[in-house]
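Have a look at the structure below before the remarks.
The values are calculated or read from the model by the stated rules, or taken from the named source; none is laboratory data. What you see is a predicted model, and the numbers here were worked out from it, not measured in a lab. Virtual Cβ from ideal backbone geometry, glycine too; neighbours counted across all protein chains shown.
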């Protein structure tokens, strides 16, 4: 044992000396900026359970940076992107953030598709004072928990989504009893709080929460149970694949009550998955865009995506990260040519009523409130077409 | 000199991590901390899978129990990590012992199914017991304060992780060389022969579960320190599969195996960050290749080649848990 300890001490000292001599030099205060470039680290779920949102949301943001670069960059600097995968796994997301911050030395981060995993990076981002724009993660506390001087979001957060659904239900005639169907994950959990509070406030009785798995393949049992409860409406807080299964089975089994979906799903995507709009005749969904795909408001963004990423399928999730990129570009422009992280944060906090691009909301940030998007839209299906229902729904 | 090095590889590994910690950036240091966390969990799983020959598939759950007990004790009750970490291990060990009882009646794939079911129940519990665990919102883990010093960040955390990982590896070595370790191996090789030799098979199996879960609980506590924020997603099927791969790829029934497996399976996904297709099929392909061409893992391969010294009680032929016939129940 003595020999072992001695040997390890000698080895340890020798290795330490060798590597310490080769240690990297101290880094500059604000990394990722050169006279010709600004390095931004992007994190997305490129593989894993949320991979469907990975590249589409990343490319929807990247096209904005590509367009800026094509026009000469910002104050003479082109945006250089480093994209990392978080696999929707917290340890991988933390590793990705640490790599981008400490090894790639990016100026700022733009990323996060999975709330649970991006939450794991929060402390690292704040401790290193790195500005970050959330890509599409909706959990409130990522941005709203204090202190937070560096993390921003230009996308409707989960709690606002829940409140919009409750407010919309309050406007529906003869709807007094509802059942909520959803997952037991952080994505759905972000909506339940304000949804149940809002329903209570409006005097709508919540008959129960019916949990469905994200890998749902058959919803017969859940649909029959809900039918027995005789609700006036059903709130659906499920991911796209599970929601499609539920709606298909609800249609098949004659559960013919209004259904209200969260921003997690998109009507066109649901129609594609189900194979038509028959099962969606009584469906309303909180939407974040100015209009359905193919509408006048969305055409320029669809064309931009086709220009920079011609092999990408134009789909509902394609533009979820676009408003964040627009806000980052505006912040970088406003921060001026002598760019620092502090100036960028100050500039971001000064953004007011910035057009959210494809988003229905305009973006406003302040030092106290980094959630810049507060407006959603309700969409429904009329005569087989997706249309906007009523006015915008604000928080 | 070669023999000296061969016989002290465990010490050299830990000395190497200390030396490397002077050179790493925060990213590499974080990965090194994760390697050490998985060394602890891997050694625990190796005791039950490699040495005792039981197909336990619940270490993600045991790890989750340890992580949450440790995080909740420190974050909500202000308990010192010096108490919270052993408590995490003990909590996981108690649950492990309870799960060990079904192991008396089933083996092989049936045991895997029982333990897998238990894993799902634990994850469901963590997700839904919101008033205690925070549910999907997770729990923030405060930086521990030990002896008046706050261990915040990857480097200070490393010193806690490396000391615990070394202690747990030495404990595993002591267990393997003890009467209990020999009883594990005897049960693995033949339950009937073990019982004929006077080994209390039922008690030894439950002990194997408890000790192995204790390791996972301690590993979970360490893991929570490296993450500083834990959510239920951390402790799902993916985590259990990772632990399994660490032991199988590294080498079951070898003290060096979990160390090798932890290094490879923590670093490989990072090396393959820009090769997503390879990442997706990586684990599956790796397991298939190792089961076919190197069933005793890398450690077994290196032992055969004379690069690593032969360890006592290491597998001398390919052997999968559950192949031996269960002994009749005691009493």
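Annotations for the structure displayed:
- Residues satisfying the stated conditions in the range B:127-138, i.e. within 11 Å of chain A (Cβ to nearest Cβ) and under 24 Å from the mean Cα position of the chain (by Cα): B:127, B:138
- Filter pass, residue B:116 being in a helix (DSSP H, G or I), away from chain A (no Cβ under 14 Å) and either under 20 Å from the mean Cα position of the chain (by Cα) or under 21 Å from residue B:59 (Cβ atoms) (or both): yes
- Identity of the residue in the range A:187-215, part of a loop (DSSP other than H, G, I, E, B) and at pLDDT below 90, that ends up nearest to the chain's Cα centre (by Cα): A:214
- When A:100, A:81 are screened for being touching a strand residue (DSSP E or B) at 6+ places or on another chain (Cβ under 6 Å) and crowded, with 24+ Cβ neighbours inside 10 Å, only A:100 passes.
- Here the condition is being under 29 Å from residue A:96 (Cβ atoms) and within 14 Å of chain A (Cβ to nearest Cβ); of B:69, B:35, B:10, it holds for B:35 alone.
- Among the conditions (1) more than 21 Å from the chain's Cα centre (by Cα); (2) on the phi > 0 side of the Ramachandran plot, the only one that residue B:104 does not satisfy is (2).
- Checked across the range B:158-171, the condition of being crowded, with 20+ Cβ neighbours inside 10 Å and more than 20 Å from the chain's Cα centre (by Cα) holds for no residue.
- Qualifying residue in the range B:21-43 (condition: in contact with a strand residue (DSSP E or B) (Cβ under 7 Å, 6 or more places away or on another chain) and at pLDDT 95 or above): no
- Selection count, the range A:248-270, where residues are out of contact with any strand residue (DSSP E or B) (no Cβ under 7 Å at 6 or more places or on another chain), free of Cβ contacts under 8 Å to residues at least 40 places away in the same chain and closer than 19 Å to residue A:385 by Cβ: 2
- Residue A:184 being at pLDDT below 90 and outside any helix (DSSP H, G or I): yes
- Close pairs (7 angstrom Cβ cut-off, 6 or more residues apart or separate chains): free of Cβ contacts under 8 Å to residues at least 12 places away in the same chain in the range A:337-348, in a helix (DSSP H, G or I) and buried (at least 17 other Cβ atoms within 10 Å of the Cβ) anywhere: A:343/A:335
- Residue A:49 being over 23 Å from residue A:151 (Cα atoms) and at pLDDT below 95: yes
- Residue list for the range B:139-174, restricted to those being within 23 Å of residue B:78 (Cβ to Cβ), out of contact with any strand residue (DSSP E or B) (no Cβ under 7 Å at 6 or more places or on another chain) and either part of a strand (DSSP E or B) or within 11 Å of chain A (Cβ to nearest Cβ) (or both): B:142, B:145, B:146, B:149, B:150, B:152, B:153
- Failed item, numbered, when residue B:231 is tested on (1) within 24 Å of residue B:168 (Cβ to Cβ); (2) buried (at least 20 other Cβ atoms within 10 Å of the Cβ): (1)
- For the range B:183-255, the helices (runs of 4 or more DSSP H) that sit wholly inside it and include 1 or more residues that are within 14 Å of chain A (Cβ to nearest Cβ) and under 28 Å from residue A:215 (Cβ atoms) are B:201-227, B:237-250.
- When A:74, A:43 are screened for being closer than 19 Å to residue A:154 by Cβ, in contact with a strand residue (DSSP E or B) (Cβ under 9 Å, 6 or more places away or on another chain) and away from chain B (no Cβ under 14 Å), only A:74 passes.
- Test: residue A:66 is more than 11 Å from chain B (Cβ to nearest Cβ), at pLDDT 95 or above and surrounded by 14 or more Cβ atoms within 10 Å (Cβ to Cβ): yes
- Filter pass, residue B:46 being within 15 Å of the chain's Cα centre (by Cα) and within 14 Å of chain A (Cβ to nearest Cβ): no
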